[in-house]
1. What fraction of the DSSP beta bridges in the chain is antiparallel, stated in percent and rounded to the nearest 5?
2. Arrange ASP457, ASP72, ASP33 by Cβ neighbour counts within 10 Å, fewest through most, would you?
3. 5 Å is the cut-off here: which amide hydrogens, built 1.01 Å from N in the peptide plane, fall below it relative to VAL313, excluding neighbours closer than 5 in sequence?
4. Restricting to DSSP H runs of at least four residues, report the calculated mean residue ellipticity at 222 nm for the chain, -39500 (n - 2.57) per run over all residues, nearest 500 deg cm²/dmol.
5. Kindly write out, for the range 103-112 in residue order, the coupling ³J(HN,Hα) from the Karplus curve 6.51 cos²θ - 1.76 cosθ + 1.60 (θ = phi - 60°), rounded to whole Hz, with x marking Gly and Pro.
6. What's the exposure ranking of HIS432, HIS44, going from fewest to most Cβ atoms within 10 Å?
7. From Cα pairs below 8 angstrom and at least 6 apart in sequence, can you work out the relative contact order of the range 234-545, rounded to a whole percent?
8. Please give the Cα centre distance for the range 442-464 versus the range 197-233, rounded to the nearest Å.
Amino acid sequence: MSGFHGLVEEFLHREHEVSPVRASGLGLTAYDDRLDDLSAASFHERDADAEAWLARFDAVPDADLAADEQVDRDLIRSVLRGRVILAGWQAWRRDPATYTNPALDGVFTLFLHRLRPESELVSAAVNRMRAIPRALADGVANLDPALAHPLILRRGAAAARGGGRYLRDLLPADVAAGELRDRLAEAGAEAGQAMDDWAAHLDRMAATATGSWQLGEARYSRLLREKEQLDVDARGLRERGRAEYDRLAAEMAQVARRARGTDDWAAVLEEAGHDHPATEEAMRQGYTEWTARARTFLVETGLVTLPAGERCVVEPSPVFQRPTLGVASYQSPPAFSDSWTGHFFVPFAPDGTPEAEIQQRLEANSWGDIPTTSVHEAYPGHHWHLVMRKRNPSAARRIFGTPYFSEGWALYAERMMRERGFFTDPVQELFHLNATLFRAARIVVDTSIHLGEMTYDEAVEFMRTKAGLPEPTAKAEVGRYCAWPTQASAYLTGCLEILRIRREWLDARGFRGVAPAEVPVAALRDFHDTITGSGSLPLGLVAAVMAGTRAG
């Protein structure tokens, strides 16, 4: 194959060879038994590759491409620009998740999606687990205590301890007793011990590490402008977050008055938060019920097209994610598989968490809050969007994306469902608005800590007092922002851009000045199906794509 399609095929083949765990997660089962090369030489080679590939895609002129090919090219260029910008940051020398995540995800997703016969899954998992000690040894060699921050290292140690328990104690139960289970148990014991040793190493390193998590203003702003194609820098984004926080707080006062006769929305939320599931299993059942209600609402209203065969399963979060992720998450069906089943993980506490803290965590998943989170993670949030993306004929668009669209879409989905009447109780509306205000607070904190203008403790206090999070959840959240710069800003930033794009789309179709709640369902469905079906594109690119599909 020659020309642009040949270039894309060559690039994607190289991507799969370098990241076989990711390729396997996409449903390319030929890579199932391989673990990524995590040596220093491999990371240096990846950085050089990013520069070289970007030059090759930059050299492809518009005149040689059809419109859809131009979008694919610009999506790939966006991904590569992000890699080039972050190359000098050297996350592989700072963050133990670089080594822990492929090792654990590479085994976990095999049994989550079960795309092959069980005997083949076991063989692939055993091969990967046998490679885990080598991968973690690379981590020992690569992590630099002069660059790594103690907080990031302790997060990594906690995840590694959870991973050790998963590999050693829980994974074998995924298959029936007998020879296959014995093979998993034997390999899991060795890999689990390697995880335990890795956790101990990280604990020791954390005691003397002197590095920083601060990405810095220049890199943060370059990612916004060059990768996400936004017309804003880090400081401008922070001001946007502050302005939205103030606007949302005023709207919440109005809703609190409807709900309880008071402007004190924080007090209303605190009182409503006491009405929460008594156990983690009751929480999971609540999420299951509201996920089903949200799907039924979409079927009855016709606000979106539901692909045939899709379904979303609500499950406890994986054991190894619990120490580092205190909120709900979602895992989509593999892009290149026949599966259309997604997995909505609800936030169970780490092993050994005191009962009092578990109750605090459950308070953050109250009965008033569960409906909006179900919308965000499942229908028509992440699950629906990602099964729509899976239908796109472009391999590049099924593989690559940005949280600035995917998380922005999920937050937009919450707002749209409120506009169309899904939340019937003012308290539910208040929790939805609080979820958006929480994302405004995230922008303020994420930009501030990476600009070096807010400490970890100040950030935790901000999220506790301004976003109403229990202290354990606030700590888990801020730790996540430290380890994953710019991602926390994606939600509300993306939502606001999608709302702007929707307004332009509707105006071009004769609905100028019509309130979103009054727009005909068919027009909204057309917008929803089109924008999600285009993939998870950078916001500047998706705006151009949608402008090109306008009527007239």
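Every number in this text was worked out from the coordinates using simple rules, so none of it is lab data. These figures come from a predicted structure and were not determined experimentally. With ideal geometry, Cβ positions are generated from the backbone for all residues, glycine too; neighbour counts draw on all protein chains shown.
1. Of the beta bridges lying entirely in the chain, close to 30 percent run antiparallel.
2. With the sparsest Cβ surroundings first, the list reads ASP457, ASP33, ASP72.
3. Close amide H contacts, sequence-distant or interchain: GLY342, HIS343, PHE344.
4. -21000 deg cm²/dmol
5. For the range 103-112, the Karplus-derived couplings read 4, 7, 4, x, 8, 4, 5, 4, 8, 5 Hz, x marking Gly and Pro.
6. In increasing order of surrounding Cβ atoms, one gets HIS44, HIS432.
7. Relative contact order comes out at 25 percent.
8. About 14 Å separates the Cα centre of the range 442-464 from the one of the range 197-233.
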